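The structure appears below as structure tokens.
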Amino acid sequence: MSRPDAYSFERYLAAKRTVDDRALHRPTLDRLSAGLAERAAESDGPISVLEVGAGIGTMLRRLLSWNRLPDDVAYTAVDLDPGLIDAARERLADWARERGYRTAPADGGFRLRRDGATVAVEFVAADAFDFAARVDGDREWDALVACAFLDLVDLRPALSALFPLVSPGGRCYFPITFDGETRFEPVPDPAFERKLTDAYHATMDAPDRPGCSETGRKLPSAVGDCGGEVLASGRSDWVVEPPYPADEAYFLHHIVDTVEGAVADAIDAGDAAGIDRGDLRAWADDRHAAVERGELRYETRQIDLLGRVP
Ligand SMILES: C[S@@+](CC[C@H](N)C(=O)[O-])C[C@H]1O[C@@H](n2cnc3c(N)ncnc32)[C@H](O)[C@@H]1O
């Protein structure tokens, strides 16, 4: 595809779905499904799942498509961005109708029914940590999900705030957690490429921004320090290469634009030594052109983790 004139985070999240589908570490997901099934077998009511940073609802759609949830589920999707929550509501309703689910309004969202299975979906537009503070022990969920989220927040305070939302012995599932490596190929100028990816990662570690570029590798010990137990984990690296399926060419253009924007801000702040605006623009132009020619390969390192909450 040709270089987009404009970028949309909603389209990026939609395009990311097929990339994540390939990347997710299946043994870790298997352990999540088995844990939820065990809890369902012991429970009279629905199994409750809380997803924070839920975006456009991709994970719920995936868990349903892949038959990874018990038959009776109450799913709460929280995201900071009200526009994304509206998109999640619309996209999930459309997706469910197309697959023969019957939909009916329910508290804060809707109820989906098909073949004896029920999913009550509640949508909440809120900061996850404000939401946790508001809940303050009034509600508990059987599982907490946060996909591509923990690298955006301060890890230990985040886990300490979110774990009390999970009932004792419940699960936490943290897939697609970024872990410090980004690679674009071909690499015309290896020395510049190293400077650029280092500067990009440094933007994630800036003291005035929450989150960390090496959250993935820090996750197991952070879960343990917050009283949890790691049950499974593994790599979920993104690999996007030609021929690009689905909307993955857009995904690549969006990533190149994101890297360029983050490093441009670092240059303006005097935090990107050895990179000037002209070099950065030339790098981005070259990468967009490589996507248009169907030549760019992109890889990142990520971790999925499943834990038991104390
Ligand atoms: C990288 S996106 C991932 C979205 C979705 N989990 C996915 O993988 O498609 C991160 C999401 O977290 C949301 N987010 C960031 N900080 C948040 C916060 N403090 N509370 C709730 N949502 C937040 C963003 O609005 C965004 O939708």
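Values in this text are rule-based calculations from the coordinates and carry no lab data. Small disclaimer: the values here were computed from a predicted structure and weren't measured. So basically every Cβ, Gly included, is an ideal-geometry build from the backbone, and we count neighbours across all protein chains shown.
Local charge for Ala15 was computed over the other residues whose Cβ lies under 9 Å away, with Lys and Arg +1 and Asp and Glu -1, and equals +1.
In the chain, Cα pairs under 8 Å separated by at least six residues give a relative contact order of 24 percent.
I want the local charge near Glu38. Using Cβ-Cβ distances under 11 Å, sum +1 for each Lys or Arg and -1 for each Asp or Glu among the other residues. Charge balance in the 11 Å sphere: +1.
For the chain, what are the DSSP H helices with axial Cα length of 15 Å or more and mean Kyte-Doolittle hydropathy of at least -0.5?
Those that pass (Cα extent of 15 Å or more, hydropathy at least -0.5) are 248-268.
Computed over the alpha carbons of the chain, Rg followed by Dmax gives 20.0, 63 Å.
Among beta bridges identified by DSSP and lying wholly in the chain, the antiparallel ones come to about 60 percent.
When you count the other C-beta atoms within 10 angstrom of each residue and take the mean per peptide, 147-157, 268-278 line up highest first as 147-157, 268-278.
Taking Cβ atoms as reference points and 12 Å as the exclusive limit, the residues near Ser2 contribute a net charge of 0, counting Lys and Arg as +1 and Asp and Glu as -1.
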